[in-house]
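Here the structure comes first, spelled out in structure tokens, and everything after it is commentary.
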Amino acid sequence: MLSKSVSKSLFFARNKSSFLSTLKRSVSSYEYPNRTEAPKITRSLAPKDDDSLVDCVYSKPEVAQMSQDPFDDTKSLSPDEQKDIRQKQKSSINTKLPSSFAIETAPPSFIPPNLPRDAMTTPETIVTKLDNGIRVASQETYGQVSTFGLLSNCGSRLEQTDGPGLNSGVNHLMELLAFSGTPSLNSVDFQTTLDNLGGVSFASSSREQFLYCIDVLRPNVRQAMGLLRDVILEPRLDDLTVEEMKRVIEFQWMDMVPEMVLSEGLQLAGYGPIKGEIQQLGKPHLCPLESLPYLTADVVKKFRHDNLLNPHNLVVAGSGLQHDELVSMAEENFGHLSSTTEDADEMIVASTYTGGSHRQILPTPDGFTRVALAFPTGGWHSSDLVPACVLQTLLGGGSSFSAGGPGKGMYSRLYRQVLNRYYWAESCEAFTSFHNESGLLGISGSAPGTKAGDMTRVLAENMMRLAVEDVDDEELDRAKNMLKNNVLTQLESRLVLFEDIGRQILTYGKREGTAEMCEKIDAVDKKVIRELVQKSVKGMKPTLVTVGDDVSYVPAFEDVERWFQSLP
């Protein structure tokens, strides 16, 4: 029996001649199949007083003559009226831009060399330490845009949550105030000045670090550095500006993303109070509403003076600019800073993992209940850091809806074992949270309130399975390849490169190369993964956090703890 493709080819070969002959037929033969010649086409109109058809020759319509005025095509305006209209247009429409918006035609001060790749030096991270202790680190990218900024060992773990010096939430407030202007420039003028330089700015804060960043056209780096210096050393911190940002925090809490509340709960429960004293990693990072009355301009100034501007806690980092130029600008703008307080390392008190439960009733836009289950793991300086990242990639996960495509993690374990299996699972994803001395490794998920208990059991089953069974070689290799791909792809971004340089110098005092990182990832095997999970799960209290409209279906913390105590 012939296949379909062979039969189709024979059919076309048999009918090729007849098909080609039809193409040669005139169009009229299709419209009038009984005619041997094309019909004569005439246009006719029937007069009102005669039913017979009379040929009518159409005259070419008269085309309106265009005048000089686009609004007077029919020449209905007199010359004086046209002149009057043009005068009014000139007085009411002004398209001339101010000189500040003019595009300069002068060549830039520095043009990266346009050379073959093998003729250029491979960029490396260079680190220089200034006399006052500030570290300057950068890496060239040979581009026309530069990213630079300042990072500090200043975070919410150094805040005071009670007592006379209460300033809980001041880092959150400082992040909003980061680019609010200077005494001579308000926020609008500052942003306009930066826009004219072709730059953008952003700031971020965490429990351990604070970051200022500016991304600007390369020829304008020195001017942008001057703006950065002004907002850091001479910020606009009057009462009116602070009160305005406090109102912003209130609005943020009115529409807070449930996942952020879940993340806050993980820290509060995972590093709970010891002997009634709140640990540093257990302090809130998002500003509590009850703390707003205590946050004044003077409180912000004092915290900045005591924690932010110590030279030994600062790193000036950059990507896409020459290192010597960055060192010169750092020395010029920040070289005069002196140490007035103790280093951040001396103010940090190590936090101990406690485990625990945190439930928060919070109306969510989608009506789903969020559940997170976590256990302790190593911090930034631990040998478990890379295996934990590999395990997070292996578990993967995400939302129940995905557009698909390569690199989306559709073959990760949580997609295959949870999202593709349970219809009620809206999302399920592995997560990690690292700090200097400790970290958290866990899984979070969301489901309708009535299925929150089932979601909790599914999360626990997936964690326990990792402790008693080895992962497959195929999924482990996939996870390692995906992790290396994600990291290397991200580092192609100038902004990510800047942040990676700054945070590594601030955390380790040096920057680890990508080759070393890939070697550590390749060294992870299934035995290391199993030992990591056993160390985290066995003998440790879990951290169970729930956020949603209805949290009553989530099992009690004691029941979840009992599940893991039954592990062999």
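No value in this document is a laboratory result; all are computed from the given coordinates. This structure is a prediction, so every number in the text was calculated from the model and none was measured. Using ideal geometry, Cβ is built from the backbone for each residue, glycine included, and neighbour counts are taken over all protein chains shown.
Remark on residue 354: its backbone amide H falls under 5 Å from those of 271, 272, a criterion applied only to residues 5 or more positions apart or on other chains, H modelled at 1.01 Å from N. Computed 3J(HN,Hα) for segment 475-488, one whole-Hz value per residue from the Karplus formula 6.51 cos²θ - 1.76 cosθ + 1.60 where θ = phi - 60°, is 5, 5, 5, 4, 5, 5, 5, 5, 5, 4, 4, 5, 5, 5, glycine and proline marked x. Of 306, 477, 131, the sequence from fewest to most neighbouring Cβ atoms within 10 angstrom is 131, 477, 306.
Of the GluC sites (Glu not before Pro) in segment 429-471, which ones lie in a loop per DSSP and count no more than 12 other C-beta atoms within 10 Å?
469
Normalised by 2.2 N^0.38 Å, where N is the number of residues, the alpha-carbon radius of gyration of segment 279-406 equals 1.55.
Looking at this model, which pairs from 408/520; 520/541; 484/535; 451/541; 408/510; 484/510 are more than 27 angstrom apart at the alpha-carbon?
Numbers: 408/520 23 Å; 520/541 29 Å; 484/535 25 Å; 451/541 24 Å; 408/510 32 Å; 484/510 20 Å.
Those over the limit are 520/541; 408/510.
Kindly provide log₁₀ I(q)/I(0) values, in the same order as q = 0.12, 0.23 Å⁻¹, from the Debye equation applied to equal alpha-carbon scatterers of segment 201-319. Debye curve over Cα of segment 201-319, log10 I(q)/I(0) at q = 0.12, 0.23 Å⁻¹: -0.61, -1.44.
Please give the charge dipole size of segment 356-565, origin at the Cα centre, charges +1 on K and R Cβ atoms and -1 on D and E Cβ atoms. Round to the nearest 20 debye.
Details: 24 positive and 28 negative charges, 21 e Å.
Charge dipole, segment 356-565, about its Cα centre: 100 debye, nearest 20.
When the alpha carbon gyration tensor of segment 256-321 is reduced to an equivalent ellipsoid, its three semi-axes come out at 27, 19, 16 angstrom, largest first. Each label point was placed 7 Å from the Cα along the Cα-to-Cβ direction; for residue 118 and residue 301 their separation is 6.2 nm. In terms of Cα atoms, the Rg and Dmax of segment 119-347 work out to 18.5, 63 Å.
Looking at segment 350-412, the chymotrypsin sites (Phe, Trp or Tyr not before Pro) that sit in a DSSP loop and have at most 10 other Cβ atoms within 10 Å of their own Cβ are 401. Give me the base-10 log of I(q)/I(0) for segment 356-565 at each q in 0.13 Å⁻¹, Debye formula, one uniform scatterer per Cα, rounded to two decimals. Each listed q maps to, in turn, -0.78.
For segment 388-397, 3J(HN,Hα) computed residue by residue from phi via the Karplus equation (6.51, -1.76, 1.60; θ = phi - 60°) reads 5, 5, 5, 5, 4, 5, 5, 5, x, x Hz, glycine and proline entered as x. DSSP assigns beta bridges within segment 356-565; of those with both partners inside it, close to 80 percent run antiparallel.
Shown in residue order for segment 167-184 are the 3J(HN,Hα) couplings computed by the Karplus curve 6.51 cos²θ - 1.76 cosθ + 1.60 at θ = phi - 60°: 9, 4, x, 5, 5, 4, 5, 5, 5, 6, 8, 4, 10, 7, x, 10, x, 9 Hz (x for Gly and Pro). Applying the criteria of a DSSP loop state and at most 16 other Cβ atoms within 10 Å to the GluC sites (Glu not before Pro) of segment 307-400 yields 342. Each of 399, 263 has some number of other Cβ atoms within 10 Å of its Cβ, and from fewest to most they run 399, 263.
5 Å is the cut-off here: which amide hydrogens, built 1.01 Å from N in the peptide plane, fall below it relative to residue 368, excluding neighbours closer than 5 in sequence? Amide H neighbours of residue 368, under 5 Å, 5+ apart: none.
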